[in-house]
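Presented below is the structure to which this report refers.
The values are calculated or read from the model by the stated rules, or taken from the named source; none is laboratory data. Owing to the predicted nature of the structure, the values given are computational and were not obtained by experimental measurement. Note that we place each Cβ from the backbone using ideal geometry, even for glycine, and neighbour counts take in every protein chain shown.
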């Protein structure tokens, strides 16, 4: 073990940087650990910022997890806030630190760059108006809270995770909210059909959603801010919050000659070392190997996932490598698990989406299923939607997505664990998950997704992602008659499942059939009956729940 | 694909049997499928029975999931209730069916035995009194509900999952409840320290708990039932519910000469075939290979897990093998995942417990950690306790247990998935679980358990499962002074963590030190400081939360 006294300098004191410092101290009591933070706060809970805007987290101090004094007392860290590193001199193993009092040089044995990322601010007309805000730190949050206190209407630019969290919180405190998103869906990381629940709950909660439209410019007026969209549409608002993504703060690294990726992220190896072995980097500023796309596509194996969980674990890896050397465990890469709650709905993803797989040119198959989040006979069962993607060759799971009111996080975690274990769709059918009526079902939605995938692979059923528009296809609605009448499927013949076997004569065996039901389960049974009676039959995935 | 018309006879129409029938029909539209059920009901939700007793599931019909008529209409099944199979003639491939109208022979191509298990009723004096009940089916439930309506005090014999569920429900409807358990803990499947939360909530909700005492006899009186315990103690009650386990209903199989295991379960292969290739068995009546104990111990690789989830998947496997032959997937065995909710607490297990591993003579290590179920700064964070067991040679996870108010099911599911994927403790540290403040933490309790295990394996920390009683050990309580004073640890010196580095001189470097804090996290940090300063230091796992 390499525990001689080392001088470790860390640039950035939030998730990744703070993790490096804490772990390094636990491993090396005598190391000199200096943490330099440009801003006034270290180790604050940036994932909690939106929740204080709406008062859901009442106490601002709850977000300020640590102070320099506490970190000194607890971990013997030398924490210097208001200290910006303006240059790195790799050859001298030193950094230049700028404070209000002036600049000084600080030498290091090992340097860790954890400066994070900053919100994107495209060079649009009017974007420098004081009413165009971003949300990244406590000061941004304070500014947003101050502003919204005296106004009615806020426009959120970008319907990603943070944008939607803030939108919800603003509704909670009585604001009118418009969300503008360039893509034709909210949560662009997810596949479009998996954002249905989120979009519905936003509309139901009075949020105005403008999809498929981008920002052309801001036109600041005395009493309002006019947001001009690419379509020509104008949104008259009082405040705009930009949440269209982040860019890595990698200028220091670039100036130091460290290798960067195509979008400016610092490239690191499995131990978080940059192209200079004495300089590590962790958190939102880096991109790291994605084991899923590496295995599936061979190329494009790097990804940047600006989230707290990976930052923490990268920090731990870097500290281990600094102190323990080759005894450290390699970082296995980031697969990209993310979740968001928006009003009464949650949605999330782990691994590769269908659209990402298509971009990568990877061969894959997918299914979408609806199922109750716990036993249907126990009160409070809520419908949950799960989609999985897999490699048709090996059966290996490549990604999963879920949405619904309850239990979304649990299924994402199961799928994330399955991805880490390289499990196949067959393995999913056999997962033995915790079942008692308040918690799950004898057949969990993840098992059911595995069953559905297995049926596709075995050729037991053909599936359709939507209602076919080809008129040669006979659409058979197998729901009970009353249900079919109440919310009809256009151009469908209603033959309830319980009558199907006796009414096969009503269908033309020479024309393809597409079956549809409420959630895609009975339609699968119907497709089985039809195909075994000589029909070319396919089941519409997700039923009318998804298709109507 | 072997889809010629087959005659499939299924004995038993609840979880396992019903799954065989439904899957077989979907695969083989033209098969003749006959389901024989001794009782009046098929496919009822037996896991829901306790919840109707307390009215949490209001509608009894919610538990009667299917009827013979519905199964006929939907799946073209020939369901015969009130039909008991009294003999199997394997040579003739036929069974003898007894009904109220008489007996008849029924031939089969494939027979599936899914008769389930029945509650244990040991031959004790007084056990046949009408006030000694069991709970296994809808009729038992109706009887229990009828009885308890007019009485005040019920004694539950056996503190397993069903016993505790019923205890809670009876409290909800205003009954006084005593629970008697032979072991020194509730939930004997779990390790003792993992039932702390459940026992505390039971006591807080007014349940009388008698642990470490068994039933000697029942003494029925006119107005009361006296339950006599092995200790000599007597419990004066009005009704006793026996829930001390089940025995497989394998008489038919035994009489047919099928191979049974040591405790009377039917032995099956990976496709649910018994020792007669034309006879399958699924559900509570069987024992199947346990992949964990098989790998870890080599021997004792069979286990019986009488739960609905495995029964369903075994049924699916049997149907696949009957219809598809060798194209069917093998059943990968049952690892034994189970959970129970008792009042505001949940507890559960997946894989092998510490006590089971000890019985098997397997070398293992374990850690126990406490952590918040979601971000501590987000309102409503509840403490969750996770214990993991692993193979110190390979690092492979062998089992996990959890308890707490929230999020127990999720962590068990993650651990169950990790077990299926043969993940190691290092893999647990790198699980990328869904994190947003309402759902989790940047470091999930499962990650933290992995970190703790890794620290043990790397020799970074020695741990103790309880407060040492050896007087030569210096116990150092590193909590803040006020906290230590409010709930002191006997014989401990209080040195708050923030003062530890400056007060090392107060400790004798020649005597071992055990550190303790609230949950075991700060005590780990303290042990690191001490050991790096030459002390023989160990951290007490779980802190005072577990130890006091």
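Among the strands (runs of 3 or more DSSP E) contained in the stretch B:67-163, which hold 3 or more residues that are within 30 Å of residue B:182 (Cα to Cα)?
Details: elements: B:78-80, B:84-89, B:94-99, B:102-107, B:110-113, B:117-119, B:153-157.
Per the criteria, B:117-119, B:153-157.
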Worksheet entry | helices (runs of 4 or more DSSP H) wholly inside the stretch A:407-458 that include at least 3 residues being more than 7 Å from chain B (Cβ to nearest Cβ) and under 28 Å from residue B:342 (Cβ atoms) | A:445-457
Fill in: Residues satisfying the stated conditions in the stretch A:507-526, i.e. under 16 Å from residue B:75 (Cα atoms) and surrounded by fewer than 22 Cβ atoms within 10 Å (Cβ to Cβ)
A:521, A:525
Worksheet item: What number of residues within the stretch B:62-89 are within 22 Å of residue B:146 (Cα to Cα) and either over 26 Å from the mean Cα position of the chain (by Cα) or more than 12 Å from every other protein chain (Cβ to nearest Cβ) (or both)?
Response: 0
Worksheet item: If you go through the stretch B:391-404 one residue at a time, do you hit one that is without any contact (Cβ under 8 Å) to a residue 40 or more places away in the chain, part of a loop (DSSP other than H, G, I, E, B), more than 7 Å from chain A (Cβ to nearest Cβ) and more than 26 Å from residue A:374 (Cα to Cα)?
Response: yes
Item to complete: Looking only at the stretch B:186-245, count how many residues are surrounded by fewer than 17 Cβ atoms within 10 Å (Cβ to Cβ) and in a loop (DSSP other than H, G, I, E, B).
Response: 12
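Okay, residues lined up against (1) more than 12 Å from every other protein chain (Cβ to nearest Cβ); (2) in contact (Cβ under 8 Å) with a residue 12 or more places away in the chain; (3) buried (at least 19 other Cβ atoms within 10 Å of the Cβ):
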residue: A:5; (1), (2), (3): no, yes, no
residue: A:9; (1), (2), (3): yes, yes, yes
residue: A:13; (1), (2), (3): yes, yes, yes
residue: A:16; (1), (2), (3): no, yes, yes
residue: A:24; (1), (2), (3): no, yes, yes
residue: A:28; (1), (2), (3): no, yes, yes
residue: A:32; (1), (2), (3): yes, yes, no
residue: A:38; (1), (2), (3): yes, yes, yes
residue: A:42; (1), (2), (3): yes, yes, yes
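Residue-wise test of (1) part of a loop (DSSP other than H, G, I, E, B); (2) in contact (Cβ under 8 Å) with a residue 60 or more places away in the chain.
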| position | (1), (2) |
| --- | --- |
| B:269 | yes, no |
| B:277 | yes, no |
| B:309 | no, no |
| B:312 | no, yes |
| B:321 | no, no |
| B:324 | no, yes |
| B:329 | yes, no |
| B:339 | no, yes |
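Residue by residue, here is whether (1) within 15 Å of the chain's Cα centre (by Cα); (2) more than 13 Å from every other protein chain (Cβ to nearest Cβ) holds:
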{"position": "A:273", "(1), (2)": "no, yes"}
{"position": "A:306", "(1), (2)": "yes, no"}
{"position": "A:337", "(1), (2)": "yes, no"}
{"position": "A:349", "(1), (2)": "yes, no"}
{"position": "A:357", "(1), (2)": "no, yes"}
{"position": "A:362", "(1), (2)": "no, yes"}
{"position": "A:366", "(1), (2)": "no, yes"}
{"position": "A:372", "(1), (2)": "no, no"}
Response to the item:
Of the residues in the stretch A:465-480, those that are surrounded by fewer than 21 Cβ atoms within 10 Å (Cβ to Cβ) and either touching a helix residue (DSSP H, G or I) at 6+ places or on another chain (Cβ under 9 Å) or in the same structural domain as residue A:396 (by TED's automatic domain parsing) (or both) number 4
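Tell me, which strands (runs of 3 or more DSSP E) wholly within the stretch B:463-548 include 1 or more residues that are away from every other protein chain (no Cβ under 11 Å) and without any contact (Cβ under 8 Å) to a residue 24 or more places away in the chain? Reasoning before the result, please.
Numbers: elements: B:474-477, B:492-494, B:513-516, B:537-540.
Filter on the stretch B:463-548 gives B:492-494.
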Worksheet item: Is one or more of the residues making up the stretch A:321-329 at pLDDT 95 or above and away from chain B (no Cβ under 14 Å)?
Response: yes
Practice prompt. Could you please give the count of residues in the stretch B:118-135 that are surrounded by fewer than 20 Cβ atoms within 10 Å (Cβ to Cβ) and more than 19 Å from residue B:219 (Cβ to Cβ)?
Written response: 3
Item to complete: Give the residues of the stretch A:83-117 that are surrounded by fewer than 22 Cβ atoms within 10 Å (Cβ to Cβ) and in contact with a helix residue (DSSP H, G or I) (Cβ under 9 Å, 6 or more places away or on another chain), sorted by residue number.
Response: A:85, A:86, A:87, A:109, A:117
Worksheet entry | Top-ranked residue of the stretch A:45-61 - restricted to ones that are more than 9 Å from chain B (Cβ to nearest Cβ) and not in a helix (DSSP H, G or I), ranked as farthest from residue A:175 (Cα to Cα) | A:55
Worksheet entry | Positions within the stretch A:433-462 being under 24 Å from the mean Cα position of the chain (by Cα), in contact (Cβ under 8 Å) with a residue 24 or more places away in the chain and either over 20 Å from residue A:379 (Cβ atoms) or not assigned by TED's automatic domain parsing to the domain that holds residue A:372 (or both), in sequence order | A:446, A:448, A:449, A:450, A:453
Worksheet item: Of these, B:18, B:91, which one is assigned by TED's automatic domain parsing to the domain that holds residue B:317 and either at pLDDT below 95 or touching a strand residue (DSSP E or B) at 6+ places or on another chain (Cβ under 8 Å) (or both)?
Response: B:18
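Could you please find all residues in the stretch A:279-307 being in a helix (DSSP H, G or I) and surrounded by fewer than 24 Cβ atoms within 10 Å (Cβ to Cβ)?
At the first step, the residues of the stretch A:279-307 found to be in a helix (DSSP H, G or I) are A:283-285, A:291-297.
Matches in the stretch A:279-307: A:291, A:294, A:295, A:297.
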